[in-house]
Every structure is written in C-alpha cells, then in structure tokens.
Amino acid sequence: MFDIATNTLALIFVLGVLVFVHELGHFMFAKAFGVGVEVFSLGFGKRLFGFRRGDTDYIVSVLPLGGYVKMVGENPDEELHGSDLEYLGKPKWQRLIILLAGPAMNVILAFVLTVGVYQLGIRVQADADDPVQIGIVEPDSAAERAGLQRGDRVVTVDGKPLEDWEEFRISILISANEPLQLGIVRDGRELNIEVTPDVAEGQGSGILGVYSPVPPQIGPVEEGGLAEAAGLREGDVVTAINGEAVYHWNHLASALTDTPGAPLALTLSRGGQIVQATLTPVVTDDGLLQIGFGRVAEHWLKLRSYPLGEAVVQAGRELKRQSLLLGQILKRLFTGRMSVKTLSGPLEIAKFSGQASRTGDPSVLMSFMAFISLQLGIINLLPIPVLDGGQITLILFEAAIRRDLSLQVKERIMQVGVVMLVSLMVVVITLDVTKLLPASWFSWLPF
C-alpha cells in the first residue's frame, strides 16, 4: 500500500511538472503574439479547483495524465469574429511557433535537468564507459549459441563503431529477435558474428546473456560473521570453488545461493599467495542467506559528475544520444521489428517514478524526469493528428498548397487522431496490467 501511494504521488508530481512546462510554452508564446487564452489546465476532464486572472481560468482537472491551453478561436468549427485575440486569425508562422513552444520547453527542461544531474552526480554501472570486453557468457544464452566467448571484445554493431557497455546494452535491449552483426576481436583476430538477442520474459526487450568482467572479489567482511570465521579477508579473489575455476562474481554468487548449507571449498588469491578456505552459507529461519561478506561497491556502481561547463557539454551529448535512440525505437515499432510490449504506460511510469523518488537521491528522480520530458517533447512532434506535430504538419501542408483545407477534412483528420491516441492508450494500459499479473492470464492477447 505504501508503494502504491508513493507511486501515485510521484506520478502526479512528475507528470504535473512536465505537463506544466509543456503548456507554459504554448501559453507564453500565445500571449506574446496577442492570442487570448481562455483556460490553462493541468489535467483533463472536470475542474477540481483553480482561479481566474484576467480572461484566463487557471485550473487543475480531475485526470492528471496531461493538460491543455484553450485559446480563443482555435477550433475550425468556431465562428470567428475577426478579433485580434483569435488564434486562427494569426499568421501561420506565429501559430507554428506557438505549437513548437510546448515540445521545445520539454526539451529545454530535459537539458536543464540533465545538466543538474551531471553536476550533482548520478550513480551508473561501473562499466558504463568501458570498452565492451566480455567477462562471462551465460550457458544456453543467445550469446553462447552464437559462439561468443569470454575475453571477446566487441568493437562494432551492425558495422557502426561501439564505444562502451552502455551503448552495447541499449543496442541489445531494442533488438529482441533481431539479428545483429557484431565485429569481434578475439586473440588479436577480427571476426564477424551474427547474434539474435532473446526476448526477455514479460518485457519484450532483448537479452543476450553476456556481462562485463567483474572479479569474484570479497568485499567488506562482517566482524564475527561466517566469512571471518572461515578465514576470508576483504580483497581476497576467489579463483576456484570446489576445484572448479571461477572467473566472475556471478559464478561466486550462484555457488553461494544454489547450495545453501553445503560447505564450499574456496581457493583464494591473496597478495600473490594461494589460500584455501571453507565457507558454509547459512539460511536463516526467515529465508535470508548469510555469508558474512559483501560485494566490492566500486565493481558495480560509480559516480558520474562534472563541473558546470563540462556538465553542459555532456548533457548535450546525452540528449543527442537519447534522441537518436528514440528515433531507432520508433522506427522499429512502426515497422514491426520491435514489440509493443516494450512500451510503458501510466502504471509503469508511476512505478518507475515511485522507485526513483524512494531512492532519496534527487539526481535519480531528476534523471528520470529528464528522460520522460525529452520523450514527451519529441513524441509530441510526430505528425499524428491531435498532437502538436499533427497540427504543425497540417499548417505546413496548407502553406505548401496555398489554401486552407475544408472544415470537413480537418474534422476527419482530428477524428482519426483521436481514434489513434485512444487505441494506443488502451494498448499500453493493457500491457501495463499484463506486466503486473501472471502472463498466462493474457496468452489470448494478439501482442
């Protein structure tokens, strides 16, 4: 119940800020060009509360999943009186700027938040900026079936140079059931290997089964605990378990969890010396596994932070990367090469918003808000009726043919847009629900 409450409040806060900024862009430029604004609303539907100042009613409405600015004379079916306050009476270039201002404000907000994140510092995976050197290949994974091996270095994906693990993981994530051509360097030889990522169960995203090198090193040892009693010391590296070689932390973690209560003969490397120890993991009455030591934090997370000048540069690069990635995702979705199961609706966004807020780290929530704000800005520019991009496309088309379309044509275009958006919302909300409940309940769905 606590999670549901915090998820709901976090969703209202996140969407409230993003929608306010978006609508503020429309509002400011409408006012700047002398267009009358009748309503500035956060949310849709019935008015909850608000206040009137001048000719504008500033309100909060019952459905918090959006907002709108109602301008004087903006609907084609309205009777226009030739007033200077009417939106449709303004030149096309002014209407274009008013429409562009909303998405632009979302992009600006994403940039400002990202700069702030890079100044405050945000924890990312320790290998995010490292070259893609494979440290472990999971058995019976897509990577193993394709012939990838421990020690391989991935240098290209589909012929494009690969910079780091962060970029590689994203390429895999958006390529479920899609073949990828990997350029590999193995023992000094260059190889080309085709690999098709599997589909992550219940998510629709890609999974390959490879991980970066993380040494099976002992972290902080609990005083008086099982590890200390077994003779383990912080910094020891496990090289073998029960006589079998170990190369990765995942091997150690699996051995500890797979056979609780069974003694494990550990071969350790300690300052250039080989040490033998026996550790027996214990499961408590409440089901918790006790081993008496932790992980080395530096192997899993690192703090990414920059001074202001560098933060601005890095934020620009990050937003460019995210924009190009969103373009790839949209292309794959529209061509059927990517499952709609990867889409997130309001329930998923609420969950992620709540998780970000519960970390207590403002940079995590800021980073999530920047990510959603950028997507909101870009998606609103798509040439879909009802969205800003659809109206922009319509204005540009009318400018190209040098006449306005008839009222009937515009009404049909808007009706198509409404149907498209409602259908999309039904799909993403259904998918949100399927992710919360057993997959077998929804096997009859066509997606």
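Observations
- Where Gly309 falls short, out of the listed (1) surrounded by fewer than 10 Cβ atoms within 10 Å (Cβ to Cβ); (2) farther than 30 Å from Val364 by Cα; (3) among the small types (Gly, Ala, Ser); (4) at pLDDT 90 or above: (2)
- Within the range 30-80, the residues that satisfy the criterion of being within 23 Å of Pro346 (Cβ to Cβ) and polar (S, T, N, Q) are Ser41, Ser61.
- Out of Gly135, Gly66, Gly116, Gly102, sole residue that is outside the structural domain of Val409 (by TED's automatic domain parsing) and touching a residue at least 24 places away in the same chain (Cβ under 8 Å): Gly135
- Taking every residue in the range 144-171 that is of a type in the set (Gly, Ala, Ser) and pairing it with any residue that is crowded, with 18+ Cβ neighbours inside 10 Å, at least 6 positions away or on another chain, the pairs with Cβ-Cβ distances below 7 Å are Ala146/Val195; Gly151/Ile134; Ser171/Val157; Ser171/Leu180.
- Scanning the range 67-87 for residues that are part of a strand (DSSP E or B) and either surrounded by fewer than 16 Cβ atoms within 10 Å (Cβ to Cβ) or in contact with a Ser or Thr (Cβ under 9 Å, 6 or more places away or on another chain) (or both) returns Gly67, Tyr68, Val69, Lys70.
- Applying the set (1) surrounded by fewer than 18 Cβ atoms within 10 Å (Cβ to Cβ); (2) over 27 Å from the mean Cα position of the chain (by Cα); (3) in a loop (DSSP other than H, G, I, E, B); (4) in contact (Cβ under 8 Å) with a residue 24 or more places away in the chain to Glu201 leaves exactly one unmet item: (2).
- A count restricted to the range 248-293 and to residues that are over 36 Å from the mean Cα position of the chain (by Cα), within 18 Å of Gly225 (Cβ to Cβ), surrounded by 10 or more Cβ atoms within 10 Å (Cβ to Cβ) and of a type in the set (Ser, Thr, Tyr) stands at 2.
- Filter result for Glu86 (farther than 21 Å from Gly389 by Cα and either at pLDDT 90 or above or out of contact with any Leu (no Cβ under 7 Å at 6 or more places or on another chain) (or both)): no
- Pairs with Cβ under 6 Å, 6+ apart, first in the range 288-312 and at positive phi, second in a loop (DSSP other than H, G, I, E, B): Gly292/Glu222; Gly292/Gly225
- Taken over the range 356-370, the criterion of being surrounded by fewer than 19 Cβ atoms within 10 Å (Cβ to Cβ) and under 13 Å from the mean Cα position of the chain (by Cα) is satisfied by Val364 alone.
The values are calculated or read from the model by the stated rules, or taken from the named source; none is laboratory data. None of the values given here were measured: they were computed from a predicted structure. Every residue, glycine as well, gets a Cβ built from its backbone with ideal geometry; the counts of neighbours run over all protein chains shown.
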